[in-house]
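Report on one structure; see the data block that follows.
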Amino acid sequence: MLVFGFVIPQLPAISVEEMTEQEIMEATIDEDPTTASDIAYINDIEILGANIIKPEFILRKIALKKGALYDKEVMQQDLKTIYRLGYFTERMKAVPVKNPNGTISLKIILEENVPVTDFTIEGNEVVATEEIMRYLLPLKGKPQNIADINTAMEKINECYYSKGYILSKIDTIYDDPDGVLNLSITEGKINKISITGHEKTKEYVIERNIMTEPGTVYNENIIKQDLVRLYSTQAFKDVNRTIEASEEDPDKYDVTIELKEQRTASVSVGGGLDTATGAFGSVAISDNNFRGRNQRVSLMGIVGSGILMSDSSIKTHMNYQAELSFFEPQFLNADNSLMSKIYYRDLGSYHIPLAIERRIGFETTLAHRLQHNPRLSATLTTGIEHIHLSEGDGNKISEIYRDHGFNIADRHKQLEGGLFLRIAPGFAYDSRDSISNPRNGALASVRFEEAFGLDDIGKTNGRLIGMAKKYIPIAKKSSLTFTGRGGIKVHGSDMPEIMAFRLGGPYTIRGYRVNGVGTGTSFVMGSAELATPLPFSDRFKINFLQNLRITFWVDAGKVFDPTISSYLYNRPIHAITAGMGLKINMPGVGPLSIDYGFPLTNPGPNGSEHGYFTFGVGDMMY
């Protein structure tokens with residue numbers, strides 16, 4: 001019978017059966033025909049008993065060669081070498097025969113192991129028999145060889161492990177007298193899954209994020225995905241798993257998902273300085289695990305003094321914002337999510353010079369994860385929005401129109417708002433390795449926005465918008481990110497200027513004020529950013545420092561078909577900037593950043609050659 005590993009047992013004289021290797025060397029050479037004073041050369045070497053294994057192969061492995069001096073000790077080592085090839089039984093011997101001319105004819109007599117004729121495989125379900133056979137077929141037709149069989153078994157195990165089946169093992173392997181090699185595999189099935197550590201969170205919420213089921217073969221890759229999904233719910237501060245052999249069935253395993261819930265409901269009151277709202281005060285009530293169902297509800301209100309770091313085109317006006325949002329992570333089924341929000345905004349307009357902008361709207365986004373590619377989602381955003389624009393400084397805008405030779409009677413076109421029904425289908429792709437601090441993978445989206453003018457059908461317009469990011473890991477903790485964005489008006493000759501694209505500020509071209517590059521009906525921009533942790537931050541056990549990154553970046557962009565606002569303020573239309581900053585990713589908020597950038601191209605009469613600080617909350621627009 002074939003077994004893994006062996007010790008050569010003792011054998012009768014001349015045969016190597018049941019003897020130690022040293023005894024093999026001393027007993028498997030027939031009577032030595034030479035004396036100490038003789039010098040005998042080898043006339044020829046004949047290999048007998050090697051039928052499948054070619055004699056030429058054996059001759060290449062041994063030290064003694066035709067024409068060499070015969071040496072009994074070397075012959076003993078050669079027999080040892082032949083035995084270690086693994087193809088032959090212990091019954092081997094060397095017969096040196098002295099010829100009349102004083103030379104030696106050496107006969108090496110061998111007995112091959114039983115050749116492997118076929119295979120049987122039992123117990124495999126998750127790895128196909130055909131795939132396992134790829135590692136066994138090279139053994140077929142050759143004498144059984146312990147070393148080669150062990151190598152094949154290692155490759156089979158590696159095949160299982162590479163697929164995540166880390167509990168699989170080859171239980172037994174044995175051969176039949178007719179040379180059939182039999183394998184029995186235990187793949188490591190799950191007996192039961194237990195969940196501990198949850199109090200508020202409903203058990204069905206946890207279970208719907210666990211794709212692993214009892215009765216299936218344990219897969220570490222799938223379990224890791226389950227743990228990532230649970231952690232991403234933001235209901236838990238720690239997620240882990242343990243595996244133990246089942247007491248009911250030693251060939252199965254019990255898996256325990258260990259959870260530590262975190263506080264998800266919060267009330268915050270704050271204030272500070274922000275690029276978009278100036279000096280502001282805020283109040284927010286939120287719960288990221290509403291009623292223990294992993295729904296997210298938030299109510300936020302902000303009152304600010306007005307936009308900071310804006311040029312003279314933006315009216316200084318109190319900023320009022322309120323938003324109620326609700327997120328359902330599994331809407332109708334596990335492949336859907338739903339985000340809805342109602343909002344009110346009253347502020348100095350970013351788009352229209354010296355205008356006051358008020359928006360009231362409702363928006364909902366349905367995302368559906370595609371089954372053939374879980375990283376790809378289809379999205380559909382719908383909503384109704386009322387936009388109202390009013391004059392903020394009639395005297396000043398009249399003066400600017402007059403200085404540029406424009407007719408102030410055209411001002412009403414800039415102040416066009418309206419009631420719009422928005423429908424925006426799109427696709428999103430996300431293969432990032434982390435949401436908070438991604439270092440590898442890609443993020444991309446494309447959507448078409450159709451805005452139907454409900455109060456004036458002539459204002460109906462469509463826009464196509466796309467974005468792509470590529471993350472490249474650098475060293476151990478740093479990353480390089482390349483970003484490209486673009487947008488174009490597809491149709492709508494009477495599209496209101498309020499819907500134009502804009503560049504400049506913390507979310508587009510840093511180092512410029514809001515709108516400092518310009519507004520237009522289409523745009524392209526790109527960024528390259530190196531993000532790296534603070535030096536020596538890993539020496540401190542402070543989460544804030546662990547999530548903080550220093551960034552070095554370059555931004556570039558251009559606006560096409562510029563609006564009248566770009567001419568009124570002589571904006572440069574295109575820009576290239578470079579700078580550095582600090583960024584920290586906050587769960588549920590996104591990246592918070594402070595950057596200082598300076599222009600590498602002409603900043604225009606309203607810009608600064610020395611650049612600006614910009615403050616941003618969330619990711620770049622579009």
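So how strong a dipole does the chain carry about its Cα centre when Lys and Arg Cβ are +1 and Asp and Glu Cβ are -1, to the nearest 20 debye? Mind dumping the intermediate values first?
On the way: 65 positive and 77 negative charges, 651 e Å.
That gives the chain a dipole magnitude of about 3120 debye.
Assuming 0.36 nm per residue, please report the length gained on full extension of the stretch residue 474 to residue 442 beyond their Cα-Cα distance. Mind showing how you got there, number by number?
Working: separation 32, 0.36 × 32 = 11.52 nm, distance 1.51 nm.
Gain in length upon complete extension: 10.0 nm.
What is the magnitude of the charge dipole of segment 203-265 about its Cα centre, with +1 placed on the Cβ of each Lys and Arg, -1 on the Cβ of each Asp and Glu, and no other charges, expressed in debye to the nearest 20? If you can, show how the numbers build up before the last one.
Values: 8 positive and 14 negative charges, 122 e Å.
Using only the charged Cβ atoms, the result is roughly 580 debye.
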For the chain, alpha-carbon Rg over 2.2 N^0.38 Å | 1.51
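Take each of the peptides 358-371, 180-193, average the number of other beta-carbon atoms within 10 Å over its residues, and list them starting from the highest.
Descending mean neighbour count gives 180-193, 358-371.
Would you mind calculating the relative contact order of segment 313-387 from Cα pairs under 8 angstrom and at least 6 residues apart, reporting the percent as a whole number? Working shown, then result.
Numbers: 165 pairs, mean separation 20.6, N = 75.
Reported as a whole number, the value is 27 percent.
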Using the per-residue mean of other Cβ atoms lying within 10 Å as a proxy for protection, in what order, highest first, do the peptides 372-383, 318-329 fall?
-> 318-329, 372-383
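Please work out the FRET efficiency for the pair residue 324 and residue 372, using the Cβ-Cβ distance as r and a Förster radius of 51 Å; give the result to the nearest 0.05. Don't jump to the answer; show the numbers that get you there.
Numbers: r = 36 Å, r/R0 = 0.70.
Efficiency, from the Cβ-Cβ distance: 0.90.
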Ranked packing of 496-509, 420-433, 119-132, most packed first, by mean Cβ within 10 Å | 496-509, 420-433, 119-132
Could you check the simple spin-label distance between residue 452 and residue 333, using points 7 Å along Cα→Cβ, in nm with one decimal?
-> 2.8
Starting from the Cα of residue 283, step 7 Å along the direction of its Cβ; do the same at residue 433; then give the gap between the two resulting points in nm.
-> 4.4
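Where does the chain land at 222 nm, in deg cm²/dmol rounded to the nearest 500, when only DSSP H runs of n ≥ 4 count, each adding -39500 (n - 2.57), divided by all residues?
Working: 11 runs with 94 residues, N = 622.
Helix-only estimate at 222 nm: -4000 deg cm²/dmol.
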Entries of 65/155; 163/200; 315/459; 80/252; 558/583 with Cα pairs more than 32 Å apart = 65/155; 163/200; 80/252
Antiparallel DSSP bridges in the chain: what percent, to the nearest 5?
-> 90
How would 207, 73, 391, 112 rank on accessible area, largest to smallest, probe 1.4 Å?
-> 73, 207, 391, 112
In a shell of Cβ-Cβ distance under 12 Å around residue 558, excluding residue 558 itself, what net charge do Lys and Arg (+1) and Asp and Glu (-1) give?
-> 0
In Å and whole numbers, how far do the C-alpha atoms of segment 191-260 stretch along each principal axis, longest first?
-> 35, 23, 18
How many nm separate the modelled label positions at residue 48 and residue 77, each set 7 Å beyond the Cα in the direction of the Cβ?
-> 2.6
Net charge, residue 118 excluded, C-beta distance under 10 Å - Lys, Arg +1, Asp, Glu -1 = -1
Could you please state how large a percent of the accessible area of the chain is carbon and sulfur, counting protein chains only and using a 1.4 Å probe?
-> 56
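The values are calculated or read from the model by the stated rules, or taken from the named source; none is laboratory data. Just so you know, these numbers come straight off a predicted model, no measurement behind them. When we count neighbours, we look across all protein chains shown, and the Cβ atoms used for this are built from the backbone with ideal geometry, even at glycine. Remember, those area values only see protein heavy atoms, side chains included, never the ligands or the DNA or RNA. Shrake-Rupley method; radii C 1.70, N 1.55, O 1.52, S 1.80 Å.
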